[in-house]
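Accompanying notes for the structure given below.
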Amino acid sequence: MFYEEVPGHPGVVTASVSEAAAQARALASVLDDEERARAARFLFPVDADRHRVAHVVLRLVLGRHVGEPPERLVFLRQPCVGCGGPHGKPYVQGHDVHFSLSHSGDRILVAVAPVPVGVDVETVPADGLVRDLVGALHPRERAELEALPDSGRPAAFARCWARKEAALKVSGVGLARGAVEPYVGAADRPAPVPGLRLADLPPLDGHAAALALSAP
């Protein structure tokens, strides 16, 4: 199998795009017409491979979870929680299963859970990009990052941003309302977030990753 489980986190798997690209191309028949068409529209092969690996792995994992052939899964979208449009959180037709997908750089992550879930992976950015984006965060997160030495800021920013996106994906809000809330912290451990269980995932070769689960 060209993906692997994340240790200590049942239901979460990861794959390297560069290592899985050939296998994903060989399994492209499990994708639907829209997924294949989108992969074909990418200008650069690495972007097409990232899309293909992510969606092949998602179908394989979900198919195994619900007991369906991966090519038979039908993905639909809930209404957007922000505007009501037809581009909200995806779900699998006919199955009560929660999932989340993320990809960045050479890594993809898929999480499947019995409750609403969000997962996110972020490539550790260059320091210049951190300076450009840090203003979007919660004031306490900005202060925590600014207190760090320059050498430690990019990894801490990636860690914070992964936590933020994972938390926002649980409800399907995403970044449509900005990245200030919820406060997730930039320190070594995530800050408590009401209604969520938020955890950092093990480091993934130049990437930071986080998992959030609904915990009413």
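The values are calculated or read from the model by the stated rules, or taken from the named source; none is laboratory data. Note that this is a predicted model, so its numbers are computed, not measured. FYI the Cβ positions are ideal-geometry reconstructions off the backbone, even for glycines, and counts take in every protein chain you see. Areas reflect the complete protein model, heavy atoms only, side chains present, ligands, DNA and RNA absent. Shrake-Rupley method; radii C 1.70, N 1.55, O 1.52, S 1.80 Å.
Tell me the residue from Ser151, Ser171, Ser214 that is among the hydroxyl-bearing types (Ser, Thr, Tyr) and modelled with pLDDT of 95 or more, please.
Ser214
Check region 101-110 and report whether any residue there is open to solvent by 50 Å² or more (accessible area, probe 1.4 Å) and either at positive phi or touching a residue at least 60 places away in the same chain (Cβ under 8 Å) (or both).
Scanning region 101-110 turns up at least one residue that is open to solvent by 50 Å² or more (accessible area, probe 1.4 Å) and either at positive phi or touching a residue at least 60 places away in the same chain (Cβ under 8 Å) (or both).
From the list Ala126, Ala158, which one is modelled with pLDDT of 95 or more and on the phi < 0 side of the Ramachandran plot?
Ala158
Checking Ala187 against (1) crowded, with 20+ Cβ neighbours inside 10 Å; (2) part of a loop (DSSP other than H, G, I, E, B), which single condition isn't satisfied?
(1)
Within region 45-97, restricting attention to residues that are among the β-branched types (Val, Ile, Thr) and in a loop (DSSP other than H, G, I, E, B), which residue is nearest to Asp32 (Cα to Cα)?
Out of the qualifying residues, it is Val74.
Going through region 113-140 one residue at a time, which ones are of a type in the set (Val, Ile, Thr), in a loop (DSSP other than H, G, I, E, B) and surrounded by 13 or more Cβ atoms within 10 Å (Cβ to Cβ)?
Val124
For the condition assigned to a helix (DSSP H, G or I) and closer than 28 Å to Val81 by Cβ, what is the one hit in Ala143, Ala158, Ala199?
Ala158
(1) among the basic types (Lys, Arg); (2) open to solvent by less than 60 Å² (accessible area, probe 1.4 Å); (3) farther than 28 Å from Arg77 by Cβ: which one isn't true of Lys169, the others all being true?
Result: Lys169 fails condition (3) only.
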